[in-house]
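Participant: To start, I am sharing the structure in question, which I have written as structure tokens.
The values are calculated or read from the model by the stated rules, or taken from the named source; none is laboratory data. Quick caveat: nothing in here was measured; it's all calculated off a predicted structure. Note that each Cβ is placed from the backbone with ideal geometry, even for glycine, and that neighbours are counted across all protein chains shown.
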Amino acid sequence: MAADASGGDLMVTRLGGCQCGDVRYALSAPPLTLYACHCLDCQKQSASGFGMSMPVPRSGFQILQGEPEMWRRTAASGRVVACAFCRTCGTRLYHAPDRNPSIVNVKPGTLDNPLGLIPIGHVWVSRAHPWLKPSIAGLVFEEQPDTFEPLFAAWKQRNELPAA
Ligand SMILES: [Zn+2]
Ligand SMILES: [Zn+2]
């Protein structure tokens, strides 16, 4: 059994859902990475200080109950992302990028037990709230990284470490 360095078992099915409970999902594959984004779009989307993204293989993501509403957003880069949210309570559940149909970008705050998921890095740190800066560690990018590969590689490396 693979265990992650933060004490959770990454191979155990994780359950999650929206705030009202209408939409429920299961993850049957371990996350590919986990990072925080401090860009203003993520602050707006999360209605909070930053956003978190947890890409998982699409084959390891199943909706168990309910049907999320989709909003298609075009980013400044021109890339289109389908954003899934609960039509009753509005909770954002995941993003599905058009250019990479093999992954689903789960919003990890919707997990039933999100504790123990420690981001491997931070992007758009130039927009981060000053009070958050002391907690920003790991791979740090001032703006959008050219590629997210380092965030995938570092996550893989962390989770291949033997369990304590
Ligand atoms: Zn809901
Ligand atoms: Zn962002």
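Participant: Select from the stretch 17-39 the residues that are part of a loop (DSSP other than H, G, I, E, B) and away from ligand 1 (no atom under 16 Å from the Cβ) and list them in ascending order.
Facilitator: Passing the criteria: SER28, ALA29, PRO30, PRO31, LEU32, THR33, LEU34, HIS38, CYS39.
Participant: If you don't mind, another one. Any residue at all in the stretch 115-137 that's within 28 Å of ARG24 (Cβ to Cβ) and among the basic types (Lys, Arg)?
Facilitator: no
Participant: Among the candidates SER6, SER102, which residue alone is away from ligand 2 (no atom under 16 Å from the Cβ), more than 14 Å from the chain's Cα centre (by Cα) and at pLDDT 95 or above? First the steps, then the outcome.
Facilitator: Values: SER6 fails: at pLDDT 95 or above.
Testing whether each residue is away from ligand 2 (no atom under 16 Å from the Cβ), more than 14 Å from the chain's Cα centre (by Cα) and at pLDDT 95 or above leaves just SER102.
Participant: Could you tell me which residue of the stretch 50-108 is farthest from ARG14 (Cα to Cα), considering only residues that are within 16 Å of ligand 1 (Cβ to nearest atom) and of a type in the set (Gly, Ala, Ser)? Full working, then the answer.
Facilitator: Taking the stretch 50-108 as the starting set, the residues that turn out to be within 16 Å of ligand 1 (Cβ to nearest atom) are 63-71, 83-94, 106-107.
Still in the running and of a type in the set (Gly, Ala, Ser): 66, 84, 90.
Details: GLY66: 17, ALA84: 18, GLY90: 21 Å.
If we take residues in the stretch 50-108 being within 16 Å of ligand 1 (Cβ to nearest atom) and of a type in the set (Gly, Ala, Ser), then GLY90 is farthest from ARG14 (Cα to Cα).
Participant: When you scan the stretch 52-70, do you find a residue that is within 16 Å of ligand 2 (Cβ to nearest atom), charged (D, E, K, R) and modelled with pLDDT of 95 or more, even just one?
Facilitator: Within the stretch 52-70, not a single residue is within 16 Å of ligand 2 (Cβ to nearest atom), charged (D, E, K, R) and modelled with pLDDT of 95 or more.
Participant: Among the residues of the stretch 98-108, which ones are surrounded by 13 or more Cβ atoms within 10 Å (Cβ to Cβ) and touching a Lys or Arg at 6+ places or on another chain (Cβ under 7 Å)?
Facilitator: Scanning the stretch 98-108 gives ILE103, VAL104, LYS107.
Participant: Also, quick follow-up: I'd like the full set of residues that are under 16 Å from the mean Cα position of the chain (by Cα) and over 10 Å from ALA36 (Cα atoms), limited to the stretch 109-137.
Facilitator: GLY109, THR110, LEU111, ASP112, ASN113, PRO114, LEU115, GLY116, LEU117
Participant: Determine whether the stretch 86-97 contains at least one residue that is within 19 Å of ASP41 (Cβ to Cβ), at pLDDT below 95 and surrounded by 14 or more Cβ atoms within 10 Å (Cβ to Cβ). Lay out the reasoning, then the answer.
Facilitator: Filtering the stretch 86-97 down to residues within 19 Å of ASP41 (Cβ to Cβ) leaves 90-97.
Checking the rest, the ones that are also at pLDDT below 95 come to 97.
Adding the requirement that they be surrounded by 14 or more Cβ atoms within 10 Å (Cβ to Cβ) leaves 97.
Scanning the stretch 86-97 turns up at least one residue that is within 19 Å of ASP41 (Cβ to Cβ), at pLDDT below 95 and surrounded by 14 or more Cβ atoms within 10 Å (Cβ to Cβ).
Participant: For the condition within 22 Å of GLU142 (Cα to Cα) and either at pLDDT 95 or above or more than 10 Å from ligand 2 (Cβ to nearest atom) (or both), what is the one hit in ALA75, ALA36?
Facilitator: ALA36
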